[in-house]
Amino acid sequence: MAIRNIREIGDEVLNKKCKEVKEVTKRTKELIDDMFDTMYEACGVGLAAPQVGILKRIAVIDTTGEDPILLINPRIIETSGEQTGQEACLSVPGKSGVVTRPNYVKVAAFNEHMEPIEVEGTELLARALCHEIAHLDGQLYVELVEGELMDAEPYDPEDEEEE
Ligand code: NI
């Protein structure tokens, strides 16, 4: 288990299409463990393999801190509704932007044993599913932002007192 270096916007690995995973080897399992560790360390809700420089169709998500989801070769098979809200990415540090996504998403993928699974989610989980799967096709949310990309500084109560 190890924390891996998160690639940032401008690194061309983030714009490449990832390859399907054919088998989960010992190295793949290490990658998956490291991806979870790296996501939790960075306080993210999702991380895709290209963000740690690996062009494989693997993503991890945990929107609550208690529901780790591993997706291998995920694809969106159903969507409905719409949500518009703030989105951010560990590869675009300190920024956020408004993106419209489906409010419900169902994904077909494989687990670590390469058994087929389905994952469905609404709201934040639906947003995370769309965001992470887009990473696997080399797409960053910044391409979808409505209006300007904003600075997303951590909340500091002193900021409000100064106003
Ligand atoms: Ni991201």
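The values are calculated or read from the model by the stated rules, or taken from the named source; none is laboratory data. What you see is a predicted model; the values in this text were computed from it and never measured. Side chains included, ligands, DNA and RNA excluded: accessible areas come from the protein's heavy atoms. Shrake-Rupley method; radii C 1.70, N 1.55, O 1.52, S 1.80 Å.
Descriptive notes on the structure:
- Amide H contacts for TYR104 (H built 1.01 Å from N in the peptide plane; partners 5 or more residues away or on another chain; cut-off under 5 Å): SER80.
- Distance violations [Cα-Cα > 29 Å] among LYS22/LYS95; LYS29/LYS95; LYS56/LYS95: LYS22/LYS95; LYS29/LYS95
- With contacts taken as Cα pairs under 8 Å and at least 6 residues apart, the chain reaches a relative contact order of 24 percent.
- With respect to the chain, whose longest principal axis is taken over its alpha-carbon atoms, helix 123-136 is tilted by about 60°.
- When the helices of the chain are scored as -39500 (n - 2.57) per DSSP H run of n ≥ 4 and the total is divided over every residue, the value at 222 nm lands at -7000 deg cm²/dmol.
- Computed with a 1.4 Å probe on the full set of protein chains, the accessible area for ARG101 sits at about 20 Å².
- Protein heavy-atom accessible surface, 1.4 Å probe, per residue over the chain: 57 Å².
- Long-range HN-HN contacts of ARG7 with modeled amide H, under 5 Å: VAL52, GLY53
- Note on the chain: with a GNM built from Cα contacts shorter than 10 Å, the maximum mean-square fluctuation among GLY81, GLY121, GLY46 falls on GLY81.
- On Cα atoms only, tilt of 26-41 relative to the major axis of the chain in degrees: 20
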